[in-house]
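Undergrad: Have a look at the structure that comes next, please.
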Amino acid sequence: MSKQILILGGGYGGLLTALTARKHLSAAEASITIVNRFPTHQIITELHRLAGDTIAEQAVALPLSKLLGDKQVNVVVDTVKEIKPNEKQVVLSSGQVQKYDTLVVALGSETNYFGIPGLEENSLVLKSVSDANKIRKHVEDRLDAYKKSGNKADATIVVGGGGLTGVELVGEFADRLPEVCRSKGIDFNDISLYCVEAGPAVLPIFPKVLIDRAVTSLEKRGVNFITSVAITEATKSSVSLKDGRTIESSTIIWTGGVKGNPVVGSSGLAEDRGRSTVTPTLQSTSHADVFLAGDCAVVFPEGGDRPYPPTAQLAWQMGETVGYNLAVQIKGGVMDKFVPVFSGTLGSLGRKDGVGTIGGNATQLKGLPASLMKEASNIRYLSHIHGLFALAH
């Protein structure tokens with residue numbers, strides 16, 4: 001009898017789980033359903049470009065029906081409301097109840113505002129295509145308002161968080177806004193771009209030489225970096241900093257932290273600080289019929305005390321491991337333990353600049369070579385999920 005596999009989330013972990021499982025399982029062996037709140041698989045690593053208006057939406061939002069249609073995976077567009085692992089059921093926001101034999105949870109993470117007063121209410125985030133479109137429109141509207149009123153807050157953009165997302169986003173603004181300002185008859189020198197990081201340095205995942213290279217490049221293009229200073233409050237028109245400074249700004253974008261998905265946290269699956277704990281084979285430590293992939297799982301290296309960082313390449317590899325192990329669970333055999341391969345980290349600093357480390361020896365890249373390598377990495381991923389076909393059709 002065909003087993004019912006239910007996958008929650010159509011991001012990197014969920015999509016790669018579905019593609020891999022279907023490669024190893026026939027339709028007679030398993031029926032696969034994927035639930036996602038959007039009808040598309042979104043290329044999260046390119047959202048900063050959509051927000052900066054340097055890439056088309058269809059290049060970062062690929063229809064799941066096209067990616068999975070020929071794999072005979074049922075796609076349900078809905079939001080997960082409740083996971084009931086003891087009853088083998090998932091309740092969706094529409095009221096629909098999905099039953100399963102085996103569950104895969106790949107719901108990602110949520111924004112962490114760290115209790116900073118006014119931040120959630122008065123900031124924009126960058127976690128979806130919708131968010132990116134909202135940021136782009138908001139910035140355009142504020143520039144139009146600045147042209148009419150001359151209010152400096154409308155010409156000031158504050159990006160909170162100096163990790164990869166925050167720096168890549170401010171890099172897009174530094175590249176794109178001079179053109180936008182010219183088209184609107186605004187002097188780009190009137191625009192203020194800030195990146196505020198509570199830690200001692202931006203891009204802490206990179207070696208100091210690459211951090212310095214990134215900061216110098218962006219400062220030359222008008223970005224102001226503030227480090228070792230936390231945001232303490234946000235209003236519709238200002239950001240307060242721990243050192244007493246206030247930045248007048250009507251555009252605040254928060255990229256400064258993530259936390260576990262609350263639906264997963266309240267499900268009864270074993271967890272550690274809001275993220276589900278897993279075995280070496282990526283099964284829940286409390287429910288063997290539940291697998292986890294992506295940011296909602298916390299994965300430790302064997303013998304290590306620090307978890308792997310939540311990244312797209314990690315979610316991709318987790319999805320492939322889970323997909324294979326689903327087939328083993330149904331057909332028999334030995335499951336794979338999850339052992340990630342780190343191919344490096346690449347960060348764009350606008351359209352023709354970047355920094356990165358690649359390969360096992362962490363070879364350093366900067367400038368156009370890093371930018372081109374990041375583009376090649378994106379094409380490699382699209383090719384892997386047959387996304388280039390989806391783009392062409």
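Undergrad: So what is the calculated 222 nm ellipticity per residue for the chain, using -39500 (n - 2.57) for each DSSP H run with n of 4 or more, over all residues, to the nearest 500 deg cm²/dmol? Mind dumping the intermediate values first?
TA: On the way: 11 runs with 129 residues, N = 393.
Helices in the chain give a 222 nm mean residue ellipticity of -10000 deg cm²/dmol.
Undergrad: Further question: Under 14 Å from the Cβ of HIS386, count the other residues' Cβ atoms, weight Lys and Arg +1, Asp and Glu -1, and hand me the total. Walk me through the numbers before you get to the answer.
TA: Numbers: positive: ARG22, LYS23, LYS66, LYS71, ARG380; negative: ASP70.
Net of charged neighbours comes to +4.
Undergrad: Any idea how far the Cα center of the stretch 205-235 sits from the one of the stretch 340-383, in Å?
TA: 20 Å
Undergrad: On a straight-distance basis, which aspartates and glutamates could pair with LYS23 in a cross-link, Cα separation under 15 angstrom, same-chain partners fewer than 8 positions away excluded?
TA: ASP70, GLU320
Undergrad: Length gain on complete extension for the stretch LYS184 to ASN112, per 0.36 nm per residue less the alpha carbon to alpha carbon distance? Intermediate results must be reported in sequence, preceding the final value.
TA: On the way: separation 72, 0.36 × 72 = 25.92 nm, distance 3.51 nm.
Gain in length upon complete extension: 22.4 nm.
Undergrad: Quickly work out the ASP144-to-LEU368 label distance, labels modelled 7 Å from Cα along the C-beta direction, and quote it in nm with one decimal.
TA: Placing both labels 7 Å along Cα→Cβ, they lie 3.7 nm apart.
Undergrad: Right, next: Longest span of the chain, sites excluded, free of GluC sites (Glu not before Pro) in DSSP loop with at most 11 other C-beta atoms within 10 Å? Spell out each step's value before the answer.
TA: Values: sites that count: GLU87, GLU302.
Looking at the chain, 88-301 is the longest stretch - no exposed GluC sites (Glu not before Pro) with at most 11 other Cβ atoms within 10 Å.
Undergrad: Also: Just to compare against my own numbers: the Cα pair-distance distribution for the chain, 10 Å bins, whole % per bin, please.
TA: Here the calculated profile for the chain is 5, 22, 30, 25, 13, 4, 0.
Undergrad: Please give the helix 368-384 orientation as an angle from the longest Cα principal axis of the chain, in degrees from 0 to 90, rounded to the nearest 10.
TA: 30 degrees
Undergrad: Moving on to the next point. For a quick check: with amide H placed at 1.01 Å from N, whose amide H comes under 5 Å from GLY163's, ignoring anything fewer than 5 positions away on the same chain?
TA: Under 5 Å from the amide H of GLY163: LEU203.
Undergrad: Among SER343, SER109, SER250, which comes first, second and so on when ranked by fewest other beta-carbon atoms within 10 Å? Kindly include the intermediate steps, with their values, before the conclusion.
TA: Working: SER343 14, SER109 18, SER250 22.
Listed from fewest to most nearby Cβ atoms, that is SER343, SER109, SER250.
Undergrad: For the chain, take the longest principal axis of its alpha carbons; what is the angle in degrees between that and the long axis of helix 129-149, to the nearest 10 within 0 to 90?
TA: Around 10 degrees separate the two axes.
Undergrad: Over the residues of the stretch 119-256, compute the C-alpha Rg and express it relative to 2.2 N^0.38 Å.
TA: Values: Rg = 14.2 Å, N = 138, 2.2 N^0.38 = 14.3 Å.
Cα Rg divided by the expected 2.2 N^0.38 Å: 0.99.
Undergrad: If you don't mind, another one. Using the 10 angstrom Cβ neighbour count as an exposure proxy, how do CYS181, CYS195, CYS296 rank, fewest first?
TA: Details: CYS181 19, CYS195 26, CYS296 30.
Going from least to most buried by this count: CYS181, CYS195, CYS296.
Undergrad: For LYS134 and LYS337 in the same chain, what is the full-extension length gain: residue separation times 0.36 nm, less their Cα-Cα distance, in nm? Mind showing how you got there, number by number?
TA: Working: separation 203, 0.36 × 203 = 73.08 nm, distance 4.02 nm.
Contour length minus Cα-Cα distance gives 69.1 nm.
Undergrad: Further question: Neighbouring Cβ atoms within 10 Å as the yardstick, rank MET318, MET373, MET1 fewest first.
TA: Numbers: MET318 27, MET373 16, MET1 6.
Starting with the residue having the fewest Cβ neighbours, the order is MET1, MET373, MET318.
Undergrad: The stretch 13-82 to the stretch 153-203: how many Å between their Cα centroids?
TA: 31 Å
Undergrad: So, one more: Determine which lysines satisfy two conditions relative to LYS208: a Cα distance under 23 Å, and not lying fewer than 8 residues away in the same chain.
TA: LYS220, LYS352, LYS366, LYS374
Undergrad: Also: Compute the normalised compactness of the stretch 247-393: alpha-carbon radius of gyration over 2.2 N^0.38 Å, N being the residue count. Write out the running numbers ahead of the final one.
TA: Details: Rg = 18.4 Å, N = 147, 2.2 N^0.38 = 14.7 Å.
Cα Rg divided by the expected 2.2 N^0.38 Å: 1.25.
Undergrad: Here is a follow-up. Starting from the Cα-Cα distance between VAL229 and ARG37, subtract it from 0.36 nm times their residue separation and give me the gain in nm to one decimal.
TA: Length gained between VAL229 and ARG37: 65.6 nm.
Undergrad: Using modelled amide H (1.01 Å from N, peptide plane; none on Pro or chain starts), what sits under 5 Å from the amide H of LEU282, excluding residues fewer than 5 places away?
TA: Hits under the 5 Å cutoff: PHE338.
Undergrad: Would you list, by chain and number, the aspartates and glutamates whose Cα falls below 19 Å from the Cα of LYS147, excluding same-chain residues fewer than 8 positions away?
TA: Qualifying aspartates and glutamates at Cα under 19 Å: GLU179, ASP187, ASP190, GLU248.
Values in this text are rule-based calculations from the coordinates and carry no lab data. Fair warning: this is a prediction, and the values are worked out from it, not measured in the lab. Cβ sites come from the backbone with ideal geometry, for glycine too, and all protein chains shown count toward neighbours.
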